[in-house]
Amino acid sequence: MTGTPPFQALPQLLPPAGNPDRWPWLRRLRGLDRLDVEPWLEAVEAGWLVPDTDLLGSLEDRLDGPAAARLLAWWLAEPAADPALLAVIGRLRHPRCRVLLRQALEGASTGAGRTELLLPLLGHQRDPEDFAYLRQRALAPLPLVQRRAALEGLAVGLAAWPAVPLRQALCTLVGDLDLALAATAVDLLARLPAGREALDGLDRDRLAPELAQRVERRLAGGAIMTLTQRA
């Protein structure tokens, strides 16, 4: 009797999407003690393998910063690349990722809908040099979806930014006409070392009632809410 052939973790052997063997194959891939991701990266870069979300989910624990940068470069070069892939690609920090993100955001061909996807990732890189860029985007008269994405970028890198300019920017945003932006700014101020003093110094009579109440809750020690949660 012949034994079961050894599992070969090669990209050319990956069952296609929709094949019932694909999920068991990916489970075996994920369970390997060792895996060389270089053939997978090369296959993606060569254009004959699309890194679907299930595949990246199986590879994500093997990826390091340089690998993430290579995948990000691929994603940025593919106009139809799935935005869901950024949940894996964008979770790692690397100087090359930061450079790619700045180049894409400052270029004229970022692509419709991509700016708001990339701004939070730039904040995740936590490079202090990006603070002024994110602050400008959050405060500028841009589409709200972009301003909110820039503020999310400030939120995910909160501890990396210069304290005084950050506090000033958030205080300005508390007075924004967009209540979602203003509410997020209140929550972020409450997370700063000197944020409570800044909140206490706000003129609540000039704020919308629901926003003034939010300030009072934060001063009273209420739970800090994340960007995706609204009171």
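Residue pairs whose Cβ atoms lie under 7 Å apart, separated by 6 or more positions or on different chains, with the first residue in segment 181-195 and within 13 Å of Ala138 (Cβ to Cβ) and without any contact (Cβ under 8 Å) to a residue 40 or more places away in the chain and the second assigned to a loop (DSSP other than H, G, I, E, B) and among the charged types (D, E, K, R), are Ala182/Asp176.
Restrict the check to segment 122-145 and report whether at least one residue is part of a loop (DSSP other than H, G, I, E, B), within 22 Å of the chain's Cα centre (by Cα) and among the acidic types (Asp, Glu). Yes, there is a match, as at least one residue in segment 122-145 is part of a loop (DSSP other than H, G, I, E, B), within 22 Å of the chain's Cα centre (by Cα) and among the acidic types (Asp, Glu).
Evaluating Ala183 against the criteria (1) closer than 24 Å to Pro128 by Cβ; (2) within 22 Å of the chain's Cα centre (by Cα) leaves one unmet condition, (1).
Scanning segment 146-189 for residues that are hydrophobic (A, V, I, L, M, F, W, C) and assigned to a loop (DSSP other than H, G, I, E, B), which turns out modelled with the lowest pLDDT? Steps first, answer last, please.
The initial filter retains those residues of segment 146-189 that are hydrophobic (A, V, I, L, M, F, W, C), namely 149-151, 154-156, 158-161, 163-164, 166, 169-171, 173-174, 177, 179-183, 185-186, 188-189.
Checking the rest, the ones that are also assigned to a loop (DSSP other than H, G, I, E, B) come to 161, 177.
Values: Trp161: 97, Leu177: 91.
It comes out as Leu177.
Select, from Ala149, Ala155, Ala169, Ala180, the only residue that is surrounded by fewer than 17 Cβ atoms within 10 Å (Cβ to Cβ) and small (Gly, Ala, Ser).
Details: Ala149 fails: surrounded by fewer than 17 Cβ atoms within 10 Å (Cβ to Cβ); Ala155 fails: surrounded by fewer than 17 Cβ atoms within 10 Å (Cβ to Cβ); Ala169 fails: surrounded by fewer than 17 Cβ atoms within 10 Å (Cβ to Cβ).
The match here is Ala180.
Within segment 138-145, can one find any residue that is within 23 Å of Arg204 (Cα to Cα) and either in contact (Cβ under 8 Å) with a residue 12 or more places away in the chain or acidic (Asp, Glu) (or both)? Yes; the residues of segment 138-145 include at least one that is within 23 Å of Arg204 (Cα to Cα) and either in contact (Cβ under 8 Å) with a residue 12 or more places away in the chain or acidic (Asp, Glu) (or both).
Restricting attention to helices (runs of 4 or more DSSP H) lying wholly within segment 1-116, give those where 1 or more residues are over 24 Å from the mean Cα position of the chain (by Cα), surrounded by 14 or more Cβ atoms within 10 Å (Cβ to Cβ) and charged (D, E, K, R). Outline the logic, then answer.
On the way: elements: 22-30, 38-46, 53-59, 65-77, 86-89, 95-106.
Because the criterion is at least 1 residues that are over 24 Å from the mean Cα position of the chain (by Cα), surrounded by 14 or more Cβ atoms within 10 Å (Cβ to Cβ) and charged (D, E, K, R), the helices (runs of 4 or more DSSP H) in segment 1-116 that meet it are 22-30.
A single member of Arg98, Arg93 is within 22 Å of Gly153 (Cβ to Cβ) and in contact with an Asp or Glu (Cβ under 6 Å, 6 or more places away or on another chain), and it is Arg98.
How many residues does segment 80-128 contain that are among the basic types (Lys, Arg) and at pLDDT 95 or above?
The first filter runs over segment 80-128 and keeps only residues among the basic types (Lys, Arg), leaving 91, 93, 96, 98, 102, 114, 126.
Checking which are at pLDDT 95 or above leaves us with 96, 98, 102, 126.
Going through segment 80-128 one residue at a time, the tally reaches 4.
The values are calculated or read from the model by the stated rules, or taken from the named source; none is laboratory data. Quick caveat, the model's predicted, so the values are computed rather than measured. With ideal geometry, Cβ positions are generated from the backbone for all residues, glycine too; neighbour counts draw on all protein chains shown.
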